[in-house]
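Student: Here it is, the structure in full.
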Amino acid sequence: SIKILAISGSLRKSSTNTGLLLACTSIANENITFTIYDGLGNLPHFNPDFDDENAPDSVYDFRMKLKEADGVLICTPEYANGVPGVLKNALDWVVSSGEFMYKPTAVISASPSQFGGDKAHDSLILTLSIMTAKIVEGGTLKIPFVTKKVKPQGELTDSATAHSLRSLIDALTQTIHSS
Ligand code: FNR
């Protein structure tokens, strides 16, 4: 079976972004094992001085989870037109260690606004691209008006969103199979 590591850019308990990842977990067929990474908030601030074999355990754990995953699905909000600090911090820990290299990666941004977190979305893809992640074709999605579409527990309230998520997961799994 395929292993997908899902990362939410929001630490908030009632996060709509985490809700979308939970929805993906129930949409995906039984050949896919989704793991929602829950350690984002426990990673220390990135410091190149510790970016070696002395990396903290939490960083080691994050790197192992990425390494073991066949693909990654990130779903993030936008803060002040950018990628949330916790998510960028996590990515900075894996620039040199290279776990994202050629890793099939799908990117969702979601926002209550009409723009769907487009600035964070584009910025995140720019960052992942320089890390040579394999951004999945058909595997990127901006979800505006997100509060009308999903409940934090992962219940979708909009059939078009369900359809979009299903095709994004299909694109991700196809890329994994062909890489
Ligand atoms: C936001 N929000 C926001 N939304 C947006 O579309 N563009 C933005 O630049 C910002 N900036 C911003 C800054 C800060 C500090 C906060 C707290 C919020 C609103 C944001 O999209 C909203 O809170 C989402 O619900 C956050 O996602 P989760 O936590 O529901 O996943």
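The values are calculated or read from the model by the stated rules, or taken from the named source; none is laboratory data. The structure presented is a predicted model; accordingly, all values stated were derived computationally and were not measured. For neighbour counting, all protein chains shown are included, and Cβ atoms are generated from backbone atoms with ideal geometry for every residue, glycine included.
Student: Does region 27-42 hold any residues that are farther than 28 Å from Ala55 by Cα and surrounded by 14 or more Cβ atoms within 10 Å (Cβ to Cβ), and which are they?
Tutor: Scanning region 27-42 gives Ile27, Ala28, Ile32.
Student: Moving on to the next point. Just one of (1) assigned to a loop (DSSP other than H, G, I, E, B); (2) more than 16 Å from the ligand (Cβ to nearest atom) trips up Thr33, so point out which.
Tutor: Thr33 satisfies every listed condition except (1).
Student: Out of everything in region 1-29 that is of a type in the set (A, V, I, L, M) and not in a strand (DSSP E or B), what residue ends up being farthest from Thr157 (Cα to Cα)?
Tutor: Within region 1-29, the match that is farthest from Thr157 (Cα to Cα) is Leu11.
Student: How many of the residues in region 9-30 are within 7 Å of the ligand (Cβ to nearest atom) and of a type in the set (Val, Ile, Thr)?
Tutor: Number satisfying all stated conditions: 2.
Student: Which one of these does Met101 not meet: (1) closer than 19 Å to Ser15 by Cβ; (2) part of a loop (DSSP other than H, G, I, E, B)?
Tutor: All conditions pass for Met101, except number (1).
Student: Val72 - would you say it is touching a His at 6+ places or on another chain (Cβ under 9 Å), within 15 Å of Ala6 (Cβ to Cβ) and either modelled with pLDDT of 95 or more or not acidic (Asp, Glu) (or both)?
Tutor: no
Student: Moving on. Output the residue which, of all residues in region 129-154 that are among the polar types (S, T, N, Q) and within 13 Å of the ligand (Cβ to nearest atom), is surrounded by the most Cβ atoms within 10 Å (Cβ to Cβ).
Tutor: Looking at the filtered set, the residue picked out is Thr147.
Student: Is there a residue in region 44-63 that is under 12 Å from the mean Cα position of the chain (by Cα), more than 14 Å from the ligand (Cβ to nearest atom) and either outside any helix (DSSP H, G or I) or in contact (Cβ under 8 Å) with a residue 24 or more places away in the chain (or both)?
Tutor: No, the conditions are met nowhere in region 44-63.
Student: Which residue out of Ser179, Ser123, Ser159 is surrounded by fewer than 13 Cβ atoms within 10 Å (Cβ to Cβ) and more than 19 Å from Leu22 (Cβ to Cβ)?
Tutor: Sole residue among the options that is surrounded by fewer than 13 Cβ atoms within 10 Å (Cβ to Cβ) and more than 19 Å from Leu22 (Cβ to Cβ): Ser179.
Student: Something else: Which of (1) closer than 20 Å to Ser15 by Cα; (2) assigned to a helix (DSSP H, G or I) does Gln114 not meet, given it meets every other one?
Tutor: Unmet for Gln114, out of (1) closer than 20 Å to Ser15 by Cα; (2) assigned to a helix (DSSP H, G or I): (2).
Student: Of all residues in region 75-123 being farther than 27 Å from Ile2 by Cα and aliphatic (A, V, I, L, M), which is farthest from the ligand (Cβ to nearest atom)?
Tutor: Step by step, filter region 75-123, then rank; the result is Val83.
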